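Chemist: Dropping the structure in here first, questions after.
What follows draws every value from the coordinates through simple rules; no lab data is involved. What you are looking at is a predicted structure, and each value in this text was computed from that prediction instead of being measured. Every residue, glycine among them, receives a Cβ derived from its backbone with ideal geometry; neighbour counts consider all protein chains shown.
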Amino acid sequence: MADEEDDDLLHLLGHGAARTLEARRWLAEQVGAEESAMAMRELEGFDEVLRTLLTKLPIEALLPALPMEELLAGVPPEQRVAGLTPEQRLLLAPDEVLRLLPDDYLRSLPEDVRAQIRARIGRPL
């Protein structure tokens, strides 16, 4: 029906994607407004519409909206560190552990990692 009527807002609320900038702006205003946000959340299918809208946004638009803690909250620790090199993973250790590492080992690390460790443990390497 939304396609037949060419009604973008009806299409959006009928689980379709927002096809026009006007529809996306309208939805953003509704979600952002305190008094109407409650009413919007109560609509059947609201979560699906919101999910559809969010999947259309570039990641650069989403990242500033969420604190890092919230972004990482649902990610298991092993996935959080999966993209880090062993040297970068070492920087996740507490300062007390870093102080126990032998100087020979610390001198074998890349300079940027050594500099960060030096700043944290307060001893020259």
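Chemist: Between residue 107 and residue 84, what's the calculated FRET efficiency when r is the beta-carbon distance and R0 is 25 Å? Round to 0.05.
Modeler: Numbers: r = 21 Å, r/R0 = 0.83.
Rounded to the nearest 0.05, the efficiency is 0.75.
Chemist: In addition: Stretch residue 63-residue 91 to full length: gain in nm at 0.36 nm per residue minus the Cα-Cα span? Please report the intermediate quantities before stating the final value.
Modeler: Working: separation 28, 0.36 × 28 = 10.08 nm, distance 2.38 nm.
Between residue 63 and residue 91, full extension yields 7.7 nm more.
Chemist: By how many nm would the segment from residue 55 to residue 100 lengthen if fully extended, with 0.36 nm per residue of separation less the alpha-carbon distance? Mind dumping the intermediate values first?
Modeler: Numbers: separation 45, 0.36 × 45 = 16.20 nm, distance 4.60 nm.
Length gained, residue 55 through residue 100: 11.6 nm.
Chemist: Let me ask you something else. Along the range 76-84, what does the Karplus equation 6.51 cos²θ - 1.76 cosθ + 1.60 (θ = phi - 60°) give for ³J(HN,Hα), rounded to whole Hz, x for Gly and Pro?
Modeler: x, x, 5, 7, 4, 9, 4, x, 8
Chemist: Can you list, largest first and rounded to whole Å, the semi-axes you get for the range 44-88 by taking the square root of 5 times each eigenvalue of its Cα gyration tensor?
Modeler: On the way: eigenvalues 156, 31, 19 Å².
Result for the range 44-88: semi-axes of 28, 12, 10 Å.
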